[in-house]
1. So what's the back-of-envelope 222 nm ellipticity for chain A, counting only DSSP H runs of four-plus at -39500 (n - 2.57) apiece and dividing by all residues, rounded to 500?
2. Provide the per-residue ³J(HN,Hα) series for the stretch A:414-428, in order, calculated from phi with Karplus coefficients 6.51, -1.76, 1.60 and θ = phi - 60°, each as a whole number of Hz, with x at glycine and proline positions.
3. Can you compute the modelled spin-label distance between A:GLN248 and A:VAL286, with each label point 7 Å from Cα toward Cβ, in nm?
4. Which of B:THR55, B:THR45, B:THR68 ends up with the largest GNM mean-square fluctuation for chain B, with Cα atoms connected below 10 Å?
5. With label points built 7 Å along Cα→Cβ from the Cα atoms of A:ILE417 and B:SER83, find their separation and express it in nm.
6. Label the stretch A:15-110 by shape, choosing from rounded, prolate and oblate, from the square roots a ≥ b ≥ c of the eigenvalues of the Cα gyration tensor; if a/c is under 1.5 it is rounded, and otherwise prolate applies when a/b is larger than b/c, oblate when it is not.
7. Relative contact order for chain B: what is it in percent, counting Cα pairs under 8 Å that are at least 6 residues apart?
8. How big is the protein assembly as shown along each principal axis, measuring the range of its Cα positions in Å and listing the largest first?
Amino acid sequence: MNYLETDLHSLHQQLVNHELTAVDLVKSTMATIDEHESQLNAFITTNQKKALAAAEKLDAEGIPADNLLAGIPVAYKDNIVTKGVRTTAASHILDNFNPVYDATIVEKLEAAGTINVGKTNMDEFAMGSSTESSYFKPTHNPWDLSRVPGGSSGGSAAAVAAGDVLAAFGSDTGGSIRQPSAYNGIFGLKPTYGRVSRWGLIAFGSSFDQLGVMTRRVKDAAPFLTVMSGHDGKDSTSSQRPVPDFSQFIGQDIKGLKIAVPDEFFGQGIADDVKAQVEKGIKQLVEQGAIVDHVQLPHTKYAVPAYYVLASSEASSNLQRFDGIRYGFRAEDVKNLTDVYVRTRSEGFGPEVKRRIMLGTFALSSGYYDAYFNKAAKVRTLIKQDFEEILKTHDLIVGPTAPDTPFLIGANVADPITLYMKDILTISANMAGVPAASVPAGFNAAGLPVGMQMIAKRFDEGTIFRAASAFEEMNQYYLEKPSFKGGNA
Amino acid sequence: MISKDQVAHVAELARLSFTDAELAHFTTQLDQIIVMEHALAEVPTDGVAPTTQLTDTENVFRDDVPVTDGPSRDELLQNVPESKDGLIKVPSIIDKGEADA
């Protein structure tokens, strides 16, 4: 099975009509993954044996006609814990970690009949924008194998774009679902902070982290998000609000939809080819009846510095738990307990993770807390207020997702700040906790994908589905298939 | 300008160790990042409250009763690097012969 020529509803019909069994689907999915892996490196671990067992069980029980997700193979970013399936966060410090429980989203999605075919590559602990900081290997972009897939959910994005799976799950702390979705020409949604339980997501920046879904087709993401969402006693930040059936928003027209286009999203540092595609897209939305206003989000330029202090501070605290005592890698030949901690962490973490732990520890340390952490937390309030103000009078904020198109593997590894700037357009939504998606917006002259970002009010993912599905309908960019050019990478 | 000594102090707080060459490299990179952070100082924030969480709630409580549907002790010990008699084994806190350290 290659998912480039089908969608969720057609697959479901084939399964219900017995034209296809869940076992067939898992076997052919595994075959496609195997065929692509030498070029893509999208997966850290594949889950063939358990996936086949789950499919056999489903076939024996029969695929229910009223459950779209039953028997559908999916993949999870490797920072989402899966019982009995190795989960590494792409770090040496967890490379032998075998979770004894499932993340809440895994529990919910498996209860709905989806089948986990594997764990996808990512930047170590989700820290990065290119999937190059993975301990294991860099992932390649299926549209051009010499280029990065973005990050940190680069493996999930590449796997979906290449047709390995219909849907993959990722986490988004500062753009880690949306930026790789833009780089791979797929749809990727970061829901509202609180919409989806993070129980079982290996924590990075707890006041930013959110789990979301990535698919080629907008409409295919909706039923997955409906199942993933909702309150969970195990994550007290998850919201009690009722969860709508997100599929109801697919195909609704966008007449009268009020769209804000921030000047700052088209300013310096945004590539001309990206601007041109997104501006073209905004014109199309207007032709369909949307009303566009040009607005200002004046604190946008402070989003990157504020985010790196706050998220790194939270990370420095969250990553204290990796000390070689209860799970994961433990350094050998140590002389005392402190030595276990220091040697395990120094040998177990990669350079980007250490950089952020150091920055966070510095920003929280005595004498610097007010100037760095507290200042950044105040600037966060101003960024959040900018968004709340605009969203009082508009349904959506629209602009580019990433400032550029996929760059060459290795081009930015020595320059952390250039890499941090790749998140300049995505970070603000995490700062404000609002839902945001990247929607395919066509290609530049080199055939590289461009993403259009749609940001909505808190808990209004429905408007994103409405506008994104209308936009998809107008363009049908999903008919384009990745070229896998620049092989032998 | 952040100094190498400051970076070494932060490394100690973070339970990380670096070689001299790594320390020099990290000092340069952290300094660049901290210079980027100085942009925040231009933002007037007098009277602005910090945002540290985004939930609509203050505190979340549950009844103080044991959780009984969690993983068993054996399961929890599965990933422990070294265990003995159902307990996690760790090296001694003080080196042999360095009791006065």
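1. -11500 deg cm²/dmol
2. 8, 10, x, 5, 4, 5, 4, 5, 5, 9, 4, 8, 9, 4, 4
3. So the label points at A:GLN248 and A:VAL286 sit 3.3 nm apart.
4. B:THR68
5. 4.8
6. Because a/c hits 1.5 or more and a/b fails to exceed b/c, the stretch A:15-110 counts as oblate.
7. That works out to 15 percent.
8. 76, 60, 56
Every number in this text was worked out from the coordinates using simple rules, so none of it is lab data. Remember, it's a predicted structure, so these values are computed and weren't measured experimentally. No Cβ is skipped: glycine too gets one built from the backbone with ideal geometry, and neighbour counts run over all protein chains shown.
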